[in-house]
Amino acid sequence: MKQNQNRYGITITLLGGCLWGLSGACGQFLFAQKGACSDWLVPIRLLTAGILPVSYYLLRRPGLTRQIWGSRGSAVTLSAYGVLGMMLCQYSYFKAIEYSNAGTATVLQYLSPVLIMLTMCVREKRLPGIVNTAAVLLALCGVFLLATHGQPGRLAISGAALFWGLFSAVTVVLYNLIPRTLMKTYPTPFLLGWAMLIGGALLCLLRRPWLYRPLVDVQTVICLAAIIFLGTIVSFSLYMQGVKLIGPEKASLYACIEPVSAALFSTFWLRVPFGRTDIIGFLCILSTLFLITIWGKR
C-alpha cells in the first residue's frame, strides 16, 4: 500500500511540474505568435485564477476571510504576499519568458533555492557549509554559461532577459518567506487565492491590460485556459497532494521536472534551439536543488 502511495505521489508531482512547464511555454507562444505581452497576460491570469478559490472560501468558509482581514497584522502580511510575492514573482517570470524563452526563464528562476539558503544563513548569522558553498558556485557557473556561453564580455541572452530571470529568482524568495506565519493558521489555497486576487487587481491598475490588443482566437483561448487552469489551479493542487503523500523534500526534487519540461516544450513545440553550453548551464543550476535538499543540512 505504501509503495503504491509513493508511486502515486511521485506521478502527480511530476505531472504538476510538467504542467508548470507547459504554462511557461504557452506564455511564450502567446508572446511570439499572438502579439501578447506580460502586461496583458499576467493580470488576466492572476485575477481569473484568484477569483475561483476566493469565491469558494467566501461561500463555504466565510469566517476565514473575516478572520484574516480582521487582524491588522495578518492583513498586512497577506497584502505584502500578494504584491511582493505573488505579483512580482509572476510578472518577472513571464517578463523573462517574453525576453528569452520558457526554458531559460524557468531555469534562472530555479536559482531561488540558493538565494533562500543564503537568506537563511544571514538571518541565522552563520556561514554556509561546504555543500551549500558548492551549490552557490554551481549556481554562479550556470548563470555565467547561460548568459555568456563561456565567453566573458559577451551576452548570449539579452540583458533584459537576464535581469528579469534573476529578479524572478529573488521574488520567489519573497514568495516563500512572506506567508510562512499565515500558513500555520490558514489553508494554502485560501492564501494563494487572495494573493493572486490582490496581485492581479493591483497589476491591472498599474499596467492596464485592457489597452493591449493581442490576437484573440481559438489558440489564444486554449493557451490562456492552459495557463490559468492547468498551469495554476491543477498543477498546484497536484503538487500539494504530492507533498502530503511523499513529503516536501522529495516533492521539491520531483517538481524539478518543471524547467526540463519547459525547455522540452520550447524545443519541440516552439522550435527554440538549445546548445551544449545551455544544457550544461541548466544542469549546473538544477544540481544546486539536489545539493541543498539532499546534503545541504548534513
Item to check | Net charge over other residues, Cβ less than 11 angstrom from the Cβ of Leu203 (K, R count +1; D, E count -1) | outcome: +2
Checklist entry - Quick one: if the Förster radius is 25 Å, what FRET efficiency do Ser237 and Ala201 give, using the C-beta to C-beta distance and rounding to 0.05? => result 0.60
Item to check | Exceeding the 25 Å Cα-Cα cut-off - candidates Lys184/Lys244; Lys95/Lys244; Lys125/Lys250 | outcome: Lys95/Lys244; Lys125/Lys250
Checklist entry - How many Å³ per residue does the convex hull of the Cα positions in segment 15-126 occupy? => result 145 Å³
Next on the checklist: Students sometimes get this wrong: rank Val243, Val216 by accessible area, probe 1.4 Å, all chains present, largest first.
Outcome noted: Val216, Val243
Next on the checklist: Given a 10 angstrom Cα cut-off, can you work out which residue in Ile280, Ile130, Ile51 is the most mobile in a GNM of the chain?
Outcome noted: Ile130
Item to check | Whole-Å distance, taken between Cα centres, linking segment 22-62 and segment 234-255 | outcome: 22 Å
Checklist outcome for this item: Classified through the alpha carbon gyration tensor (a ≥ b ≥ c as square roots of its eigenvalues; rounded if a/c is under 1.5, else prolate when a/b is larger than b/c, else oblate), the chain comes out rounded
Checklist entry - So between Leu211 and Ile51, what do we pick up on full extension, going 0.36 nm a residue minus the alpha carbon distance? => result 55.4 nm
Checklist entry - If ligands, DNA and RNA are left out, what is the accessible area of Leu238 with a 1.4 Å probe, given in Å² to the nearest 10? => result 40 Å²
Next on the checklist: Order 104-111, 137-144, 201-208, 78-85 from most to least packed using the mean count of other Cβ atoms within 10 Å.
Outcome noted: 104-111, 78-85, 137-144, 201-208
Next on the checklist: Just to make sure I understand: if all protein chains stay in place, what is the order of Glu258, Glu98 by accessible area at 1.4 Å, largest first?
Outcome noted: Glu98, Glu258
Item to check | Surface accessible to a 1.4 Å probe, Cys37 within the full protein complex, Å² | outcome: 20 Å²
Checklist outcome for this item: Descending accessible area (1.4 Å probe), largest on the left, turns Lys184, Lys250, Lys34 into Lys184, Lys250, Lys34
Checklist entry - Expressed in nm to one decimal, what extension gain is obtained for the pair Leu59 and Val221 from 0.36 nm per residue of sequence separation less their Cα-Cα distance? => result 55.5 nm
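The values are calculated or read from the model by the stated rules, or taken from the named source; none is laboratory data. Quick caveat: nothing in here was measured; it's all calculated off a predicted structure. Every residue, glycine among them, receives a Cβ derived from its backbone with ideal geometry; neighbour counts consider all protein chains shown. To get the accessible areas, we keep the full protein, side chains included, count just its heavy atoms, and leave off ligands, DNA and RNA. Shrake-Rupley method; radii C 1.70, N 1.55, O 1.52, S 1.80 Å.
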